[in-house]
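A quick write-up on the structure given underneath.
The values are calculated or read from the model by the stated rules, or taken from the named source; none is laboratory data. Everything numeric here is computed off the predicted structure, so don't read it as measured data. Reconstructed Cβ throughout: ideal geometry from the backbone, glycine too, with neighbour counts over all protein chains shown. These accessible areas exclude ligands, DNA and RNA; they are computed on the full protein's heavy atoms, side chains included. Shrake-Rupley method; radii C 1.70, N 1.55, O 1.52, S 1.80 Å.
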Amino acid sequence: MRIFDTLGWVSTWAEPALDRPRYEDETMIQVKFPDGSEREFEDGITPMAIAEGISKSLAKRSLVAKVNGELWDMTRPLDGDASVELLSGKDADGLEVIRHDAAHVLAQAVQELFPGTQVTIGPVIEDGFYYDFARDEPFSSDDFEKIEKKMAEIVDRDLPINREVWEKDAAIAHFRKIGEDYKAQIIDDIIPPGEAITLYAHGDQWSDLCRGPHLPSTGRLPKAFKLMKLAGAYWRGDSNNEMLQRIYGTAWADEKQLKDHLTRIEEAEKRDHRKLGRELDLFHMQEEGKGMVFWHEKGLILWHVIEAYVRRRLEAAGYQEVRTPQVLDRKFWEQSGHWDKYRDNMFIAETAEDETLSLKPMNCPGHVQIFKFGQKSYRDLPLRMAEFGACHRYEPSGALHGLMRVRAFTQDDAHIFCREDQIEEETAAFIKLASSIHEDFGLERDYIALGTRPELRAGSDDYWDKAEAQMLNAARAAGVEPVIAEGDGAFYAPKLDFQVKDAIGREWTCGTIQLDYVLPERLNAEYVAEDGQKHRPVMLHRAVLGSLERFIGILIENVAGAFPMWLSPVQVVVATISEAADGYAEEAAAVLRKAGLRVEVDTRGEKINYKVREHSLQKIPVIAVVGAKEAEERKLALRRFGSKDQSVVGLDEAAAMLADEALPPDLKRAKG
């Protein structure tokens, strides 16, 4: 290693370790590869040298290494025996490094184009990255083209990316000297004294504070990147601090992936539930009720149809429906533990009687109170308790997003109180129920994730070993092999999360079941077991849809507002060709309504093509066109959404046929 005392930093060798001078006391290390094979190398060899020793094509593909499970620069020497995996842009970790480097190249490009701009932070996010800049003059999206051009130029320079280790005081002094006050503040406030600080330098042209790892050079960054949008962001997320300018971008391993991503974004914009909610007259939101939904008639019809369907499925599965209070005393939330953990996200009310009350942020403690009412026996278990529970949680206004992130929401919530020996059976039954419900709504299950013990958790390792095994066995009993999500469990227990894919391939978490031994203990829930002694029940928290608001948002985007017949707020519009058919249109609508269909009548004096186009834009499943001929023959000319074909059917036949099509999936199955 070369030490630059005058600068206060240490730089790792960028050259392949095999080319280093050899010494008599050179030690050898064992390197283990993913296939289980092992080879001996000189101590201090780099992953790049290992890759080059195997093949030039492998070295060209390899962007970053994983050493003993830790991401590692390709040009950083190994330190002792290690397991080594070489990653490309096809690997998730490799793609993340590409995006991280794209953020750094963006920052360098901006500072070259706009001198005096300070850099702050630039993390990787889903599908891309962003960087926050401090600059007096505002950026414009018109700047994107020249910034992207400069980024491509930096890639073409193929600057070596070197990892530099600095002492804290030297790093602070360095950044203050070059006018990067935000970087100096990060180091001063966040990094403990004595801890090593790493910078990554693009040759001798630019450097940034960063933990890494990064690509070997800027030339290894694929030019499959694009700047997407601008936003404001407070320094450190605090509204009392300065407002910074955030530039978002996306980066991929190749041009095809970038093109596919941009196509998905374009399609997602067409499906945006906020846009469609207004256009289809389903709901709206406004400033005076941040995070609260104003449901219109059609939106509430959709809500009721979904709720009725879920209620039938729960009843058939042996759930009892309950309702718990919206507002409860602070003491109750202190006892449950929510006051300490969720206080900042709770809506609090002070009364004239010196009470401190809170709108409930969740339903589970209330369900425990119902369980505790009256003595319960082992014969009563499992007891499945469901509620369409309205909850309120404070979310910062910047985090709100249409129906997807709200402050007031209703959960299809339920809790199963059971014995330990019933956990696996109940969990397996729920997996089958949730999978069936998702399928009925046209959502394809991608996988189920088993969230295991987080770093901060309640309970011993023995408890977590048992609980994780119970959830894993339950999933397998339902015919599912879950994907392990390390550290993603709840504070008190492991959980299974359902990941579904929508029509354009986006992944959503939709449904969960969580194992809980803690809340029954805190709230003193008991049942009398076969031995005559009192025991604690186990509590399974579960939801299929999550919140109805969010689920409806997912549903709108999945079908692009064109709901299947059974869900559509308006299933049929009877539209007249001429005034002569007005009376028959009303008669036909009455027959269809009697058959159980949701029907509107359009007798306006507009041309029929105008009416058809307007109702098609509203994505009505069936338009029944009637004129003098149809009135005389008691028939309907049926047009389906998305089709130009028309079929003429007798009124009674049409009513029976359409009523059958409009049956919800569970009722259709029951009918046979």
- [ ] Enumerate the whole-percent occupancy of each 5 Å bin, from 0 to the last occupied one, for all C-alpha pair distances of the range 261-384.
- [x] 2, 8, 11, 12, 13, 15, 15, 11, 7, 4, 2, 0
Task: Helix 255-270 axis, angle to the chain major axis (alpha carbon atoms, nearest 10°) - done: 30
TODO: Report, ordered by chain and residue number, the lysines lying within cross-link reach of K376, taken as a straight Cα distance under 20 Å and ignoring same-chain residues fewer than 8 apart.
DONE: K534
Task: Expected-Rg normalisation [2.2 N^0.38 Å, Cα atoms] applied to the range 22-168 - done: 1.28
Open item on the list: Before I look further, what does the range 577-672 give for accessible area per residue, probe 1.4 Å, in whole square angstrom?
Closed with: 57
Task: Fraction in percent of alpha-carbon pairs per bin - 5 Å, the range 605-662 - done: 4, 18, 27, 25, 19, 6, 0
Task: Translational diffusion coefficient (Stokes-Einstein; Kirkwood radius from C-alpha pairs) of the range 454-521 at 25 °C, 0.890 mPa s, in µm²/s - done: 186
Task: Using alpha-carbon coordinates, inclination of helix 548-559 to the longest axis of the chain, degrees - done: 90
Open item on the list: If you scale each eigenvalue of the Cα gyration tensor by 5 and take the root, what three semi-axes come out for the range 314-437, rounded to whole angstrom and sorted largest first?
Closed with: 29, 20, 12
Open item on the list: With just the Cα atoms defining each centre, how far is the range 417-476 from the range 236-252? Give it in Å.
Closed with: 37
Open item on the list: Below 8 Å between Cα atoms, with a sequence gap of 6+, how large is the relative contact order for the range 603-646 in percent?
Closed with: 31
Open item on the list: Out of all Cα-Cα pairs in the range 34-78, roughly what percent, to the nearest whole number, are more than 12 Å apart?
Closed with: 63
Task: Gyration tensor over alpha-carbon atoms, the range 549-664, equivalent ellipsoid semi-axes in Å - done: 25, 16, 11
TODO: Mind jotting down the three principal axis lengths of the chain based on Cα atoms? Whole angstrom, largest first.
DONE: 101, 75, 61
TODO: Report the equivalent ellipsoid semi-axes for the range 197-330 in whole Å, largest first, defined as the square roots of five times the eigenvalues of the gyration tensor built from alpha carbon atoms.
DONE: 45, 23, 19
Open item on the list: If you roll a 1.4 angstrom probe over the protein chains with everything in place, what fraction of the accessible area of the chain belongs to carbon and sulfur, to the nearest %?
Closed with: 48
Task: Enclosed volume per residue, in Å³, of the convex hull spanned by Cα atoms of the range 171-248 - done: 132
Open item on the list: Under 8 Å for C-alpha pairs, at least 6 residues apart: give me the relative contact order for the chain, rounded to a whole percent.
Closed with: 8
Task: Accessible area per residue in Å² at 1.4 Å probe, computed on the range 70-229 - done: 44
Task: Cα Rg, Dmax (largest Cα-Cα span) when computed across the range 462-567, Å - done: 17.9, 57
Open item on the list: Could you tell me the ratio Rg/Rh of the range 511-596? Both radii from Cα atoms, Rh via Kirkwood.
Closed with: 1.39
- [ ] For the range 40-118 and the range 582-657, compute the distance between their C-alpha centroids and round to whole Å.
- [x] 63
Task: Neighbourhood charge, 13 Å Cβ-Cβ cut-off, centred on I161 and excluding it, Lys, Arg +1 and Asp, Glu -1 - done: -2
Task: Spatially proximal lysines relative to K594 (Cα-Cα < 19 Å; intrachain offsets below 8 disregarded) - done: K635, K668, K671
Task: Surface accessible to a 1.4 Å probe, per residue, for the residues of the range 482-528, Å² - done: 38
Open item on the list: Normalised by the empirical 2.2 N^0.38 Å for globular proteins, what value does the Cα Rg of the range 380-534 take?
Closed with: 1.13
Task: Radius, Kirkwood style, for the range 106-220 when every pair of distinct Cα atoms is counted (Å) - done: 15.1
- [ ] Classify the range 251-318 as rounded, prolate or oblate, taking a ≥ b ≥ c as the square roots of the eigenvalues of its Cα gyration tensor: rounded when a/c is under 1.5, otherwise prolate if a/b is larger than b/c and oblate if not.
- [x] oblate
- [ ] For n ≥ 4 DSSP H runs only, could you compute -39500 (n - 2.57) per run for the chain, divide by its residues and tell me the 222 nm figure to the nearest 500?
- [x] -10500 deg cm²/dmol
Task: Between helix 582-594 and the chain: long-axis angle, C-alpha atoms, 0 to 90°, nearest 10 - done: 70
Task: For the range 520-537, Karplus couplings with θ = phi - 60° (6.51, -1.76, 1.60), whole Hz, Gly/Pro x - done: x, 5, 5, 9, 6, 7, 9, 9, 8, 7, 4, 7, x, 9, 7, 10, 7, x
Open item on the list: What is the distance in Å between the Cα centroid of the range 332-403 and that of the range 149-206?
Closed with: 47
Open item on the list: Can you give me the Rg/Rh ratio for the range 313-385, using Cα atoms for both radii and the Kirkwood formula for Rh?
Closed with: 1.06
Open item on the list: List the lysines whose Cα sits under 18 Å from the Cα of K432, skipping any in the same chain fewer than 8 residues away.
Closed with: K495, K501
TODO: Could you sort out which of K275/K607; K149/K183; K149/K270; K149/K226 sit more than 18 Å apart by Cα distance in this structure?
DONE: K275/K607; K149/K183; K149/K270
